[in-house]
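Visitor: Pasting a structure below so you can have a look.
The values are calculated or read from the model by the stated rules, or taken from the named source; none is laboratory data. The structure presented is a predicted model; accordingly, all values stated were derived computationally and were not measured. Cβ coordinates were reconstructed from backbone atoms using ideal geometry, including for glycine residues, and neighbour counts include every protein chain displayed.
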Amino acid sequence: MPLNIVLIEPEIHTNTGNIGRLSLASNSNLHLVKPLGFELSDKRLKRAGLDYWKHISLFIYDDFDDFLNKNKNKEMVFLSSHAKKKHWNIPYTDNMFLIFGKESEGLSNQILKNHLDNTYRIPLYNKNIRSLNLANAVSIVVYEGLKSIQ
């Protein structure tokens, strides 16, 4: 698989459904880190992912420590609107893990602090907006990555 999309504590079923659909379209793995703000059986999640959901390469973790333990020594980058470096400077590699935080808060301060050197942002050009929709942000970063590694 070219990339791994990681959602830390996603809250909105439709975002996750759309990101699932994107993961399939981009031949990426989708990793969900609990707690989730919805049930995986939620019809709205499946509707957003349409009938593709059953084909998604999906991994689920109990918490962030579980995710880290199961993915030791993997190439990871973290996405946050608080980062200094821009996403087009990510040194994309095949099988890289692209880690996104929950919709309401993003990544925790502890995660950001521990991974500051590997944290990037999508630039925003208007001061009246603080972040992009999670599904849109994931799409931007994934396809930039695919362009870089293919």
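Visitor: In this structure, is residue 129 among the hydrophobic types (A, V, I, L, M, F, W, C), out of contact with any Pro (no Cβ under 7 Å at 6 or more places or on another chain), at negative phi and surrounded by 12 or more Cβ atoms within 10 Å (Cβ to Cβ)? Quick ask: steps written out before the conclusion?
Guide: Values: among the hydrophobic types (A, V, I, L, M, F, W, C): yes; out of contact with any Pro (no Cβ under 7 Å at 6 or more places or on another chain): yes; at negative phi: yes; surrounded by 12 or more Cβ atoms within 10 Å (Cβ to Cβ): no.
Answer is no for this residue.
Visitor: If we scan the range 75-85, do we find a residue that is more than 14 Å from the chain's Cα centre (by Cα), surrounded by 17 or more Cβ atoms within 10 Å (Cβ to Cβ) and over 22 Å from residue 2 (Cα atoms)?
Guide: So far as the range 75-85 goes, yes, one or more of its residues are more than 14 Å from the chain's Cα centre (by Cα), surrounded by 17 or more Cβ atoms within 10 Å (Cβ to Cβ) and over 22 Å from residue 2 (Cα atoms).
Visitor: Taking the conditions exactly as written (in a helix (DSSP H, G or I) and more than 17 Å from residue 23 (Cβ to Cβ)), does residue 69 satisfy them or not? First the steps, then the outcome.
Guide: On the way: in a helix (DSSP H, G or I): yes; more than 17 Å from residue 23 (Cβ to Cβ): yes.
Against the criterion (in a helix (DSSP H, G or I) and more than 17 Å from residue 23 (Cβ to Cβ)), residue 69 qualifies.
Visitor: Got a sec? Which of 146, 45, 50 is at positive phi, part of a helix (DSSP H, G or I) and either modelled with pLDDT of 95 or more or not hydroxyl-bearing (Ser, Thr, Tyr) (or both)?
Guide: After ruling out the rest, the residue left standing is 50.
Visitor: Let me ask something additional. When the residues of the range 86-118 are filtered to those that are farther than 19 Å from residue 16 by Cβ and part of a strand (DSSP E or B), which remaining residue is nearest to the chain's Cα centre (by Cα)?
Guide: Here the residue is 96.
Visitor: Something else now. Going by the structure shown, is residue 134 surrounded by 16 or more Cβ atoms within 10 Å (Cβ to Cβ) and either aliphatic (A, V, I, L, M) or within 16 Å of residue 86 (Cβ to Cβ) (or both)?
Guide: The answer is yes for residue 134.
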